[in-house]
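Some notes on the structure that comes next.
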Amino acid sequence: MKDKYKYILDTSSKKYHCPNCNKKTFVRFMDSETKQYINNIDGRCDRESKCGYFKKPNVNKRITSIVSNCNTKRITPTYHNENVISTYGKDYKRNHFVTYLLKHFVPFDVKNAIKKYFIGTTSHWSGATVFWQVDQNMKVKAGKIMLYDCNTGKRVKKPFNHISWMHKKPQLNGFVLQQCLFGLHNLCDYNKGDTLCIVESEKTAIIMSMVFPSNLWLATGSKSNFKEEILQPVKEFKIIAYPDKSEYQNWLNKSKSMMGNGFNISCSSLLEGLDLEEGSDLVDFLF
């Protein structure tokens, strides 16, 4: 038996102007069978903290169909070839993010961080960084491409938000993305019961690992990825979540839900009482 909803959010990379904030960060709902958008207002804005617009279709029925076992095709995730880590693990002199790190940390620590988190360099945009998502079984699930300003360490968002994925390349058409925590491959170096710290940004996880190296720092990669499905591999560890400012209540509610399912997890309100802009994280606090 297979369940699905009649209307789903578009899974492609297409974005439209949000009805609320007018930014081109809006993902529309589409008919799951016809793949046609249902209108211009039903959908979700990716600016979860600064906008938060999310309008669901008024009626979204669950479609249930009975499929015989012999005809059922299980969709399995696609993995990158493990050689991609070494292929893109070079050219750090032109990597803007690494250049930024070297302005604040000694080369020895930066070199160790590069090795620990498999930081890569790509020519997708000049100076761009690849953050590989490698799971606890050393399977390369995803490669997120991001461009940073080498002086400020901030992401380049103009004239557009410089974020893409390695699987968007034409030769990887049909790639089935299934994300995991950034840094999860380091789990083998820790014991069950050890403390893990989870933040949203890959940049923040890397920097915090150099500031407070006694704990393993992991990143969800997005606000919405802080969920039980993604955190399942670290369930046996003690977890401290550090949400960005203004995201505390959302992560706290999710933490409580996971605690009810056996997780040992706490959610820090450290940033909520500080004079920081919405969306600020631990790195903004430290620097």
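Every number here is computed from the coordinates shown, using simple stated rules; none is lab data. Just so you know, these numbers come straight off a predicted model, no measurement behind them. For neighbour counting, all protein chains shown are included, and Cβ atoms are generated from backbone atoms with ideal geometry for every residue, glycine included.
Let's see if you can work this out: charge +1 on each Lys and Arg Cβ, -1 on each Asp and Glu Cβ, no other charges. What is the dipole magnitude of the range 248-287 about its Cα centre, in debye to the nearest 20?
With Lys and Arg at +1 and Asp and Glu at -1, about 420 debye.
What ³J(HN,Hα) values, in whole Hz, does the Karplus curve 6.51 cos²θ - 1.76 cosθ + 1.60 give for the range 198-206 when θ = phi - 60°, with x put for Gly and Pro?
10, 10, 8, 8, 4, 4, 5, 4, 5
Return the FRET efficiency for the residue pair PHE160, SER280: r is the Cβ-Cβ distance, R0 is 25 Å, and the value is rounded to the nearest 0.05.
E between PHE160 and SER280, to the nearest 0.05, is 0.65.
Treating only the Cβ of Lys, Arg, Asp and Glu as charged (+1, +1, -1, -1), what charge dipole size does the chain show about its Cα centre? Round to the nearest 20 debye.
Result for the chain is approximately 1040 debye, rounded to the nearest 20.
Between SER12 and ASN83, what is 0.36 nm times their sequence separation minus the Cα-Cα distance? Round to one decimal in nm.
Answer, rounded to one decimal: 22.9 nm.
What does the charge dipole of the range 186-287 about its Cα centre add up to, to the nearest 20 debye, if the Cβ of each Lys and Arg holds +1 and the Cβ of each Asp and Glu holds -1?
Roughly 420 debye for the range 186-287.
Using +1 at the C-beta of Lys and Arg and -1 at the C-beta of Asp and Glu, which of HIS167, CYS180, TYR53 has the Cα lying farthest in the positive direction of the dipole of the chain?
HIS167
Work out the charge dipole of the chain with +1 on the Cβ of Lys and Arg and -1 on the Cβ of Asp and Glu about the Cα centre, then indicate which of GLY120, LEU231, SER246 is farthest towards its positive end.
So the residue furthest toward the plus end is GLY120.
Tell me the label-point distance for the pair LYS168, ARG94, using the 7 Å Cα-to-Cβ offset, in nm and rounded to one decimal.
2.0
If only Cα atoms are counted, what is the Rg of the chain, and what is its Dmax, in Å?
Spelled out, the Cα radius of gyration and Dmax of the chain are 19.8, 60 Å.
Taking the alpha-carbon distance from LYS192 and a cut-off under 18 Å, which aspartates and glutamates remain once sequence neighbours fewer than 8 residues away in the same chain are dropped?
Answer for LYS192, where 18 Å is the Cα cut-off: ASP135, GLU228, GLU236, listed by chain and number.
Projecting each Cα onto the charge dipole of the chain (Lys/Arg +1, Asp/Glu -1 at the beta carbon, about the Cα centre), which of CYS18, MET138, THR34 comes out farthest on the positive side?
THR34
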